[in-house]
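Beneath this line is the structure, given in structure tokens, with notes to follow.
The values are calculated or read from the model by the stated rules, or taken from the named source; none is laboratory data. Model, not experiment: these values are computed from the prediction. Heads up, the Cβs are rebuilt from the backbone with ideal geometry, glycines too, and the neighbour counts pull from every protein chain shown. All accessible areas refer to the heavy atoms of the entire protein, side chains included, with ligands and DNA or RNA removed. Shrake-Rupley method; radii C 1.70, N 1.55, O 1.52, S 1.80 Å.
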Amino acid sequence: MIGLLVRKQWMDIFKNFHYNPKTNKARSKAGVIGYYIFYLFLMVGVIGGIFSMMAVEICDPLSAAGMGWLYFTIFGLMSVLLGAFGSVFTTFAGLYLAKDNDLLFSLPIPLSAIMISRLLIVYLMGLLYSAAIILPAVIIYWVKVSAAPLVILGGIILILVISFIVMILSCLLGYVVARISLKLKNKGVLTALAAVIFIVVYYVVYFHFGQMIGSLVDDAGTIGANIKESFYALYMFGRIGEGDPLAMLLYTVGTGALFALTWFILHRSFLKISTSTGVVSKAVYKEKTTHQNSVSRALLIRELRRFTSSANYMLNCGFGILMLVLAGGAILWKGEDVFYVIGMVFGPELTLLILAAILGMIAGTIYPVTAAVSLEGKNIWIAKSSPVSSWQVLQAKLRMQLLLAGVPLCFAVLCSVIAVIRFVPADPLMIVLFVLLTLLYVLFTSLWDMIWGVRGANLNWSNEIYVYKQGMPVMASLFGSWIFLIVIGGLYFLLTKYISATVFCLIITVLLAAASFIEYSWIKTKGAEHFENL
Amino acid sequence: MLRIEHLTKTFGDKKAVDDLSLHIAPGEIYGFIGHNGAGKTTTLRSAVGIQRFDSGEIYINGSSIKQDPLACKRQMAYIPDNPDLYEFMTGIQYLNFIADIFGVSAEDRQARIREYADRFSLTADLAQPVAAYSHGMKQKLAIISAWIHAPKLIMMDEPFVGLDPSAAFLLKEMMRELCDQGGAIFFSTHVLEVAEKLCDKIAIIKEGRLIRSGTMDEVKGDESLESVFLELEAEK
């Protein structure tokens with residue numbers, strides 16, 4: 001029974017490996033194996049590879065300084081972090097808010113069997129993530145420092161202890177996430193914000209990691225002594241890997257006790273937690289004075305509401321909004337350095353052209369309009385039975401795109417102009433052309449995205465995430481805008497012998513304006529007709 | 001109010017609607033019955049302008065849905081068989097959106113929302129996202145949004161599905177009120193008892209063709225609508 005339940009849950013987590021989400025058809029055996037191999041490659045090859053390199057770097061100096069325990073503490077903690085955060089959403093969706101809870105509870109299956117199967121999946125997922133870090137670290141220690149029987153036993157116990165700690169933490173965090181998700185109001189915006197913060201923190205840590213490790217190795221004695229004095233439990237945690245029998249015993253017993261407590265609490269409250277829908281403070285409607293919006297404004301508000309309601313939509317199609325704001329701030333703050341680097345690499349006369357290309361490239365990652373038509377999905381009857389023309393519907397989508405890409409772009413362009421005036425002796429005509437070129441390029445790519453959104457519209461999706469993550473329109477939007485930049489760059493290097501940068505910018509500006517006009521005309525006529533036939 | 005003339009629509013090789021003609025006058029509740037896949041939804045979707053058709057014409061108050069779709073849509077409302085509404089909006093946001101699209105003034109919409117939401121006991125839930133609504137609540141919201149711009153013609157596909165008895169009763173009352181004020185209703189249903197009690201006229205469609213239509217007496221005579229329908233269905 002438990003095996004059957006575990007298999008069912010495994011299939012649920014990895015269903016996209018077994019079934020094509022677009023067609024809902026089963027993949028071939030080779031396809032399924034291919035997906036698992038690719039996943040293993042990512043986990044073992046990429047994540048495991050990165051951490052193996054780090055382990056190789058610090059294993060020798062730390063163990064030579066008698067700080068082998070610090071080595072295991074560092075990798076052990078990172079492993080716990082990745083394991084707990086990596087599997088927390090599996091726990092959240094698989095343990096507490098599983099879609100089939102009601103179904104399983106109504107069947108003659110013992111509650112403990114359901115719980116064991118769910119916990120087993122949480123354990124396996126945690127083990128998968130945590131082992132990607134701790135396993136290479138342990139093996140590298142065995143190879144480089146010692147492979148004495150006690151050290152080998154310590155390594156194995158450390159891996160097991162970590163996997164259980166990860167499971168306990170996942171249960172706790174999963175419960176918190178489940179409770180919060182039931183109470184959150186602006187879930188989409190907050191999730192997007194949390195994801196952005198996570199990505200920023202990740203990159204800050206990633207870029208400073210080498211430096212952090214360097215200082216750690218240099219100052220290992222002091223840091224180690226401080227940890228040992230203030231956080232003795234962490235010292236003992238690291239000692240497991242070195243094969244300290246007392247540390248092994250303490251952590252095995254401690255983790256076992258914690259697991260028993262978790263099991264006891266879960267067993268007592270599992271049914272209640274799993275079937276509770278959460279006491280959501282229900283917003284009660286209070287009549288307020290409303291005002292009438294014009295049709296075009298109402299349609300635009302509808303598009304913006306759709307965009308801000310989904311964290312996935314915002315992150316996949318609007319990440320560049322934040323990047324543009326950050327780029328603008330960075331240019332304003334560190335403009336002199338930025339222009340110096342550009343000048344060094346490409347030559348000072350190309351500074352503005354390269355700046356325009358950078359901003360255009362970032363703006364190319366903003367493409368909500370590509371998915372906007374497909375996202376009408378089953379709701380398309382509302383637009384089609386309303387007294388609005390297809391062009392009005394498309395126009396609102398285009399306005400949303402221009403608003404979301406245009407406002408941060410204008411900010412970045414303004415910051416660039418201020419920085420250019422401050423730091424670079426630029427020709428005023430060239431500055432005007434830089435502004436025009438950047439704005440026109442983003443107009444051109446926005447219209448390009450819209451064309452693909454209309455032509456490649458797919459209203460029959462099972463999960464909206466496939467609309468803005470996969471398919472030809474998304475590829476064409478994302479890479480199309482970059483390819484155009486490469487083409488423009490190539491043209492410049494071809495024509496550079498014959499015309500100046502200013503004349504080149506003038507020609508491209510005119511070409512972009514003409515191309516945008518053609519695109520706009522197509523959307524207004526053929527695009528609207530295409531929408532009508534959907 | 002609604003004139004359908006020789007409507008034909010094919011999907012691939014299959015004729016979903018075949019040379020169908022109907023005329024619905026102001027003040028009439030017109031029921032549309034037929035088995036699953038008979039062509040009811042295709043007819044309704046064509047009449048609303050959601051779906052293009054191969055031949056024939058459809059007029060709303062004299063305006064052609066082909067030639068002047070916006071003028072037609074301004075005068076009518078549609079409720080589909082499944083109330084797929086914008087789940088990213090709250091109930092009140094959805095109603096205001098529809099009111100904006102149909103150009104309903106702030107005062108009128110407020111009065112209508114107050115009236116209809118109270119009648120359907122939906123007022124307290126209007127601040128909730130549509131995603132949190134049950135099927136019945138979505139259906140009620142779809143009904144309120146259809147009535148919010150005081151249309152002259154309302155077309156509905158299986159409007160009673162998912163409604164509780166009191167909401168179903170209320171809907172029937174609202175349908176009658178609209179027709180008493182000179183409006184018209186064209187709706188499909190599988191509940192023959194409802195059609196028999198509620199409709200002024202009825203049309204029976206089979207395999208895309210209209211097989212009988214007229215006033216209730218003309219269609220069923222002394223028999224029940226159910227027996228007439230089953231007899232017609234049995235005929236080859």
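Largest first, the residues A:Y232, A:Y39, A:Y19 sort by 1.4 Å accessible area into A:Y232, A:Y19, A:Y39. For A:T222 and A:L81, the FRET efficiency from 1/(1 + (r/R0)^6), where r spans their Cβ atoms and R0 equals 30 Å, is about 0.80. For the protein assembly as shown, the Cβ-based charge dipole about the Cα centre amounts to some 680 debye (Lys, Arg positive; Asp, Glu negative; other atoms uncharged). When the accessible areas of A alone and B alone are added and the area of the pair subtracted, with a 1.4 Å probe, the result is around 3200 Å², both sides summed. Of the residues A:L216, A:A476, B:G136, the one whose Cα sits farthest towards the positive end of the charge dipole of the protein assembly as shown is A:L216 (charges of +1 on Lys and Arg Cβ, -1 on Asp and Glu Cβ, taken about the Cα centre).
Going by the alpha-carbon gyration tensor, a ≥ b ≥ c the square roots of its eigenvalues, is the protein assembly as shown rounded (a/c under 1.5) or, if a/c is not under 1.5, prolate (a/b greater than b/c) versus oblate?
Working: a/c = 2.55, a/b = 1.45, b/c = 1.77.
Since a/c reaches 1.5 but b/c is at least a/b, the shape of the protein assembly as shown is classed as oblate.
Please compute the modelled spin-label separation between B:E115 and A:L193, points set 7 Å along Cα→Cβ, answer in nm with one decimal. So the two model labels end up 4.1 nm from each other. Distance between the pseudo-spin-label points of A:K288 and A:I180 (7 Å out from Cα toward the beta carbon): 2.6 nm.
Just to confirm the number: angle between the C-alpha axis of helix A:2-13 and the first principal axis of chain A, 0 to 90 degrees, nearest 10? Once rounded, one gets 20 degrees.
Accessible surface area normalised per residue over the stretch A:266-423 is 44 Å², counting heavy atoms of protein chains with a 1.4 Å rolling probe. Counted by Cβ distance under 9 Å from B:Q51, the other residues give a net charge of +4, where Lys and Arg count +1 and Asp and Glu count -1. Modelled this way, with points 7 Å down the Cα-to-C-beta line, the labels at A:L403 and A:S112 are 5.8 nm from one another. Using the Cβ of B:N61 as centre and a radius below 11 Å, the other residues enclosed give a net charge of +2, where K and R count +1 and D and E count -1. For a paramagnetic label modelled on A:I483 (point 7 Å from Cα along Cα→Cβ), amide N atoms under 11 Å away are absent within the stretch A:505-534.
From the helices alone, meaning DSSP H stretches of at least four residues, give me the mean residue ellipticity at 222 nm for chain A, per-run term -39500 (n - 2.57), in deg cm²/dmol to the nearest 500.
Values: 23 runs with 420 residues, N = 534.
That comes out to -26500 deg cm²/dmol.
Think of chain B as a dipole: +1 on every Lys or Arg Cβ, -1 on every Asp or Glu Cβ, centred on the Cα centre; then among B:A234, B:I98, B:A167, B:I98 lies furthest on the positive end.
Each of A:A247, A:L534, B:I154 was scored by the projection of its Cα onto the charge dipole of the protein assembly as shown, and the greatest displacement toward the positive side belongs to A:A247; charges sit on the C-beta of Lys, Arg, Asp and Glu.
Cβ under 11 Å from B:G208's Cβ, B:G208 left aside: what net charge do those residues give with Lys, Arg +1 and Asp, Glu -1? Please report the intermediate quantities before stating the final value.
Working: positive: B:K9, B:K14, B:K15, B:K40, B:K206, B:R209; negative: B:D18, B:D19, B:E207.
For residues surrounding B:G208, the net value is +3.
Length gained on full extension, A:S296 to A:L4, computed as 0.36 nm times the residue gap minus the Cα-Cα distance: 99.7 nm. For B:K220, a cut-off of 30 angstrom between C-alpha atoms picks up these lysines, skipping any fewer than 8 places away in its own chain: B:K9, B:K14, B:K15, B:K40, B:K152, B:K172, B:K197, B:K201, B:K206, B:K236. Taking Cα centre as origin and charging only the Cβ of basic (Lys, Arg, +1) and acidic (Asp, Glu, -1) residues, the dipole magnitude of chain B rounds to 640 debye.
Qualifying chymotrypsin sites (Phe, Trp or Tyr not before Pro) in the stretch A:484-521, where qualification requires a DSSP coil assignment and no more than 14 other C-beta atoms within 10 Å, comprise A:Y498. Summarising the strand pairing of the protein assembly as shown, around 55 percent of its internal DSSP beta bridges are antiparallel. Sorting A:K524, B:K73 by accessible area puts them as A:K524, B:K73; the probe is 1.4 Å, largest comes first, and only protein heavy atoms count.
Mind checking the full-extension length gain between A:L103 and A:E464? Use 0.36 nm per residue of separation minus the Cα-Cα distance, one decimal, nm.
Values: separation 361, 0.36 × 361 = 129.96 nm, distance 2.52 nm.
Gain in length upon complete extension: 127.4 nm.
Using the Cβ-Cβ distance between B:E231 and A:A26 with R0 set to 51 Å, the FRET efficiency from 1/(1 + (r/R0)^6) comes to roughly 0.65. Of all lysines in the structure, those lying under 27 Å Cα to Cα from A:K15, and not within fewer than 8 positions of it along the same chain, are A:K25, A:K29, A:K99, A:K187, A:K378, A:K469. Binning all Cα-Cα separations of chain B at 5 Å, short to long from zero, yields these whole-percent fractions: 1, 7, 14, 18, 19, 16, 12, 8, 4, 1, 0, 0. Helix A:472-495 and the longest principal axis of the C-alpha atoms of chain A enclose an angle of approximately 60°.
Expressed as a fraction of 2.2 N^0.38 Å, the value expected for a compact globular protein of N residues, the C-alpha radius of gyration of the stretch A:240-347 is 2.17. Take the Cβ atoms of A:I156 and A:L271, set R0 to 41 Å, and the FRET efficiency comes out at 0.70.
Let's see if you can work this out: charge +1 on each Lys and Arg Cβ, -1 on each Asp and Glu Cβ, no other charges. What is the dipole magnitude of the stretch A:297-532 about its Cα centre, in debye to the nearest 20?
Numbers: 15 positive and 11 negative charges, 124 e Å.
About 600 debye.
Between helix B:225-234 and chain B there is an angle of about 50 degrees, using the helix long axis and the longest principal axis of the Cα atoms.
Is the shape of the stretch B:4-64 rounded, prolate or oblate, going by the alpha carbon gyration tensor and its root eigenvalues a ≥ b ≥ c, with a/c under 1.5 for rounded and a/b larger than b/c for prolate?
Values: a/c = 2.10, a/b = 1.34, b/c = 1.57.
It is oblate, given that a/c is not under 1.5 and a/b is not larger than b/c.
By a 1.4 Å probe calculation restricted to protein chains, A:K469 has an accessible surface near 110 Å², given to the nearest 10.
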